[in-house]
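The values are calculated or read from the model by the stated rules, or taken from the named source; none is laboratory data. All of these numbers come straight from a predicted model, not from anything done at the bench. Cβ sites come from the backbone with ideal geometry, for glycine too, and all protein chains shown count toward neighbours. Surface areas here come from the heavy atoms of the whole protein model, side chains and all, with no ligands, DNA or RNA. Shrake-Rupley method; radii C 1.70, N 1.55, O 1.52, S 1.80 Å.
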Amino acid sequence: MCKNNSPYPSRLRAWVTVAILLTAFVLSFIDRQIINLLVDPIRRDLAISDTQLSLLMGMAFALFYTACGIPLGRVADTRSRRGLIAVGILFWSAATALCGVAKLYWHFLIGRIGVAVGEAALTPAAYSMIADSFPPERRSTAISVYSMGIYLGSGVAFLLGGIVIKFASAQGNVELLVVGELRPWQMIFLILGAIGVAFSLLLLAIREPVRQGLGAGQVIPVADVARYLAQNRRTILCHNLGFAGLAFAGYGGSAWIPSFFMRTYGWDASQVGITYGSLVAVFGCLGVLCGGRLADIMTRHGYTDANMRVGFYAAIGALPTVIIYPLMDNGWFAAMILIPSIFCLSMPFGVAVAALQEIVPNSMRGQTTAIYSLVISLLGLGMAPTAVALVSDYGFGNGGSLRYSLMIVTSIVLVFSSVMLGKGLRHFRESVTRLQTWERNSSSPPGNKLAES
């Protein structure tokens, strides 16, 4: 605890916690997204279609990620968040290594499910720890820094993936004891798994922050959580669906943009990985940070709906760019127009979670975040890659139509997001006021208060 008797950790300790959690998030996204750059060799060796591969990218991962997210979010609300994250890292790292020894489609499927189960432990616990480490006026920035892991991880996956693919392909297949001969893409998964296992030891450097707020750390009956969320259903609905549309556009793009550049402009995997990975890492991180900083500045100027408002602005800003870039005749022009698209689509990833911290009690943060993760994972991560693939495979009938599939799918969902987030601004302000009034007037735990109401 700080010398000024603040209930929050010192700034140094708080930012060390963010840095370690950010690194864990980066590793999780590298393990999750590296498959997007390895589409062609995996398809070739497993003899599968774009649609089958999209299930590995999205739905197979998202279903188990979301199914485990809510119970693990409940654990994060009442048990050691540091321990939960450490176990999750070990589990998903082992599953990533399992993907590296896959010989058949169902082998890879089991590995992806394991990655999903392990990674489901990270986000609810990490967001809860960060929210308890920073006061409200600095919370959006802190959560946005952590959320940079999405783009750092994706960017590093593409960037290093492109470099490693070029190197590994030059070396050819590798013979290992027990597992036998492995392709270059399989070695990448094995290396990532080993890195994750070693990193889990760093979690020992994190201290659990003191839980803040009314009823913090108490076990709240599921029925009371559901009742509280029902009281704020309009806000939750507009928030979750609006930000899910932005995630849909982001995940759908990141899943197929590498293949789009290869098929449309004839780029190789190394060129795509280095170029697209650099853009994602740089401008995705800038977008997340700017979104958080903008929300904090707007909050200090009296906007109680600042976090929702940033998401609304991001949806409007990204819409014209996702329509234009797929239609470019030159790959470098398309890459340049991708910059504002990446920037805008990355802005909401920190503020979306920060917004939830403002409308629910501490004892419900992990569960509410898990529900949000369920929605964006099912709709974004789960359905987006497959939606783009289905439009290509069955709408146009060939993989060369990726440019049109990307344009159609992402533009439609961004219009939807703009409507939902714009409509949700008023409901969000009402939910903020409702929670503030309730906490100010109540001295009983949230569960008891809900039971009485």
> Quick check: anything in the stretch 83-105 farther than 19 Å from LEU38 by Cα, assigned to a loop (DSSP other than H, G, I, E, B) and open to solvent by 20 Å² or more (accessible area, probe 1.4 Å)?
Replying inline: no
> What are the residues in the stretch 224-251 that are open to solvent by 20 Å² or more (accessible area, probe 1.4 Å) and under 23 Å from ASN362 (Cβ atoms), if any?
Replying inline: ALA226, ARG227, LEU229, ALA230, GLN231, ARG233, ARG234, ILE236, LEU237
> Of all residues in the stretch 195-238, which are at pLDDT 85 or above, more than 30 Å from THR23 (Cβ to Cβ) and not charged (D, E, K, R)?
Replying inline: ALA230, GLN231, ASN232, THR235, ILE236, LEU237, CYS238
> Regarding MET383, is this residue closer than 23 Å to ALA230 by Cα and aliphatic (A, V, I, L, M)?
Replying inline: no
>> Among (1) under 21 Å from the mean Cα position of the chain (by Cα); (2) at positive phi, there is one condition ALA47 misses while meeting the rest; what is its number?
In response: (1)
>> Tell me which helices (runs of 4 or more DSSP H) are completely within the stretch 348-453 and hold 2 or more residues being at pLDDT below 85 and closer than 21 Å to LEU72 by Cβ, or say none if there are none.
In response: 348-357, 365-376, 446-452
> Within the stretch 122-131, is there a residue that is modelled with pLDDT under 80, open to solvent by less than 10 Å² (accessible area, probe 1.4 Å) and aliphatic (A, V, I, L, M)?
Replying inline: no
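Within the stretch 106-117, which residues are of a type outside the set (Val, Ile, Thr) and open to solvent by less than 40 Å² (accessible area, probe 1.4 Å)?
PHE108, GLY111, ARG112, GLY114, ALA116
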